[in-house]
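Contents: one structure, followed by commentary.
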Amino acid sequence: MLNYHIVVTGRVQGVGFRWSTHELALQHGLVGQVKNEWDGSVTIDVQGPAKAVKMFVKEVQAGPNPYAKVAGMQIEPRAIKSDWQDFKMQ
(Lines give C-alpha, C1' and ligand atoms only; values in the text may rest on other atoms or scores of the structure.)
Protein backbone atom coordinates (compact mmCIF):
# COMPACT_ATOMS: atom_id res chain seq x y z
CA MET A 1 0.00 0.00 0.00
CA LEU A 2 1.07 3.55 -0.76
CA ASN A 3 -0.28 6.91 0.39
CA TYR A 4 0.90 10.02 -1.47
CA HIS A 5 0.20 13.71 -1.05
CA ILE A 6 0.65 15.29 -4.50
CA VAL A 7 0.73 18.97 -5.47
CA VAL A 8 0.11 19.49 -9.19
CA THR A 9 0.88 22.76 -10.99
CA GLY A 10 0.21 23.96 -14.51
CA ARG A 11 -3.11 24.43 -16.33
CA VAL A 12 -5.02 22.32 -13.83
CA GLN A 13 -7.97 24.47 -12.76
CA GLY A 14 -11.01 25.21 -14.91
CA VAL A 15 -10.19 22.43 -17.39
CA GLY A 16 -11.87 19.37 -15.83
CA PHE A 17 -8.67 18.22 -14.13
CA ARG A 18 -10.32 17.30 -10.81
CA TRP A 19 -13.13 15.37 -12.50
CA SER A 20 -10.68 13.47 -14.73
CA THR A 21 -8.44 12.73 -11.75
CA HIS A 22 -11.44 11.51 -9.77
CA GLU A 23 -12.42 9.16 -12.60
CA LEU A 24 -8.86 7.81 -12.88
CA ALA A 25 -8.77 7.11 -9.14
CA LEU A 26 -12.07 5.23 -9.34
CA GLN A 27 -10.83 3.19 -12.31
CA HIS A 28 -7.79 2.14 -10.30
CA GLY A 29 -9.80 1.43 -7.12
CA LEU A 30 -8.01 4.12 -5.09
CA VAL A 31 -9.18 6.20 -2.14
CA GLY A 32 -8.43 9.79 -1.14
CA GLN A 33 -9.36 13.22 -2.48
CA VAL A 34 -8.57 15.86 -5.09
CA LYS A 35 -8.95 19.58 -4.35
CA ASN A 36 -8.33 22.97 -6.00
CA GLU A 37 -6.05 25.29 -4.04
CA TRP A 38 -6.11 29.10 -3.84
CA ASP A 39 -2.75 29.41 -5.65
CA GLY A 40 -3.99 27.67 -8.82
CA SER A 41 -2.53 24.27 -7.97
CA VAL A 42 -4.44 21.07 -7.27
CA THR A 43 -3.69 18.74 -4.35
CA ILE A 44 -4.30 15.03 -4.49
CA ASP A 45 -4.24 12.66 -1.53
CA VAL A 46 -4.28 9.14 -2.89
CA GLN A 47 -3.94 5.69 -1.34
CA GLY A 48 -4.09 2.14 -2.57
CA PRO A 49 -2.03 -0.80 -3.83
CA ALA A 50 1.46 0.34 -4.89
CA LYS A 51 1.09 -0.73 -8.53
CA ALA A 52 -2.25 1.08 -8.92
CA VAL A 53 -0.99 4.26 -7.22
CA LYS A 54 2.12 4.37 -9.42
CA MET A 55 0.04 3.91 -12.59
CA PHE A 56 -2.37 6.64 -11.40
CA VAL A 57 0.56 9.04 -10.82
CA LYS A 58 1.90 8.37 -14.34
CA GLU A 59 -1.50 9.02 -15.89
CA VAL A 60 -2.02 12.22 -13.91
CA GLN A 61 1.46 13.44 -14.86
CA ALA A 62 0.68 12.85 -18.54
CA GLY A 63 -2.48 14.95 -18.15
CA PRO A 64 -5.71 13.15 -17.31
CA ASN A 65 -7.56 14.94 -20.14
CA PRO A 66 -6.60 16.83 -23.31
CA TYR A 67 -7.33 20.26 -21.76
CA ALA A 68 -5.05 19.95 -18.72
CA LYS A 69 -1.33 20.70 -18.92
CA VAL A 70 0.71 19.44 -15.97
CA ALA A 71 3.84 21.56 -15.49
CA GLY A 72 5.03 19.99 -12.24
CA MET A 73 4.24 17.48 -9.52
CA GLN A 74 5.57 17.30 -5.98
CA ILE A 75 4.99 13.87 -4.43
CA GLU A 76 5.34 13.26 -0.72
CA PRO A 77 4.81 9.81 0.84
CA ARG A 78 2.47 9.80 3.83
CA ALA A 79 1.32 7.32 6.46
CA ILE A 80 -1.42 4.87 5.48
CA LYS A 81 -4.90 6.02 6.54
CA SER A 82 -7.31 3.34 7.70
CA ASP A 83 -10.42 5.54 7.67
CA TRP A 84 -10.51 6.45 3.95
CA GLN A 85 -13.36 4.68 2.18
CA ASP A 86 -13.69 6.38 -1.22
CA PHE A 87 -12.19 9.04 -3.48
CA LYS A 88 -13.71 12.50 -3.09
CA MET A 89 -13.65 15.56 -5.30
CA GLN A 90 -13.68 18.79 -3.27
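The values are calculated or read from the model by the stated rules, or taken from the named source; none is laboratory data. Model, not experiment: these values are computed from the prediction. All Cβ positions, glycine included, derive from the backbone under ideal geometry; neighbour counts span all protein chains shown. Protein only, heavy atoms only, side chains kept; ligands, DNA and RNA dropped before computing areas. Shrake-Rupley method; radii C 1.70, N 1.55, O 1.52, S 1.80 Å.
Brief remarks on what is shown
- Where only C-alpha atoms are counted, convex hull volume of the stretch 44-90 per residue in Å³: 100 Å³
- Whole-percent carbon and sulfur share, accessible surface of the chain, 1.4 Å: 52 percent
- Other residues lying with their Cβ under 13 Å from the Cβ of VAL7 contribute a combined charge of -2, Lys and Arg counting +1, Asp and Glu -1.
- Label zone (THR9, point 7 Å along Cα-to-C-beta; backbone nitrogen cut-off 11 Å) within the stretch 47-62: none.
- Electrostatic dipole magnitude of the stretch 1-52 [Cβ: Lys, Arg +1; Asp, Glu -1; Cα centre; debye, to 20]: 120 debye
- Residue-averaged 222 nm ellipticity for the chain, from DSSP H runs of 4+ at -39500 (n - 2.57), nearest 500: -8500 deg cm²/dmol
- In order along the stretch 61-70, phi translates into HN-Hα couplings of 4, 6, x, x, 8, x, 8, 7, 9, 7 Hz, rounded to whole numbers, per the Karplus curve 6.51 cos²θ - 1.76 cosθ + 1.60 with θ = phi - 60° and x for Gly and Pro.
- Scalar couplings 3J(HN,Hα) for the stretch 39-51, obtained by applying the Karplus form with A = 6.51, B = -1.76, C = 1.60 to θ = phi - 60°, are 8, x, 8, 10, 9, 10, 10, 9, 8, x, x, 3, 4 Hz; x denotes Gly and Pro.
- Order by protection proxy (mean Cβ within 10 Å, highest first), peptides 16-23, 41-48, 70-77, 57-64: 41-48, 16-23, 57-64, 70-77
- Computed Rg/Rh of the chain, alpha carbon atoms with Kirkwood Rh: 0.93
- Rolling a 1.4 Å probe over the protein heavy atoms gives the chain an accessible area of 58 Å² per residue.
- Relative contact order, whole percent, for the chain stands at 47, derived from Cα pairs under 8 Å and 6 or more residues apart.
- Take every DSSP beta bridge whose two residues both sit in the chain; close to 90 percent of them are antiparallel.
- Annotation: amide H of GLN13 has no partner in the under-5 Å range at sequence separation 5 or more or interchain, hydrogens built in the peptide plane.
- Under 19 Å from the ALA62 label point (7 Å along Cα→beta-carbon), backbone N, the stretch 15-51: 16-30, 50-51
- Distant-in-sequence amide contacts of LYS88, defined by a placed amide H-H separation under 5 Å and a gap of 5 or more residues or a different chain, comprise GLY32, GLN33, VAL34.
- Taken about its Cα centre, the chain carries a charge dipole of about 180 debye when Lys and Arg each add +1 at the Cβ and Asp and Glu each add -1 at the Cβ.
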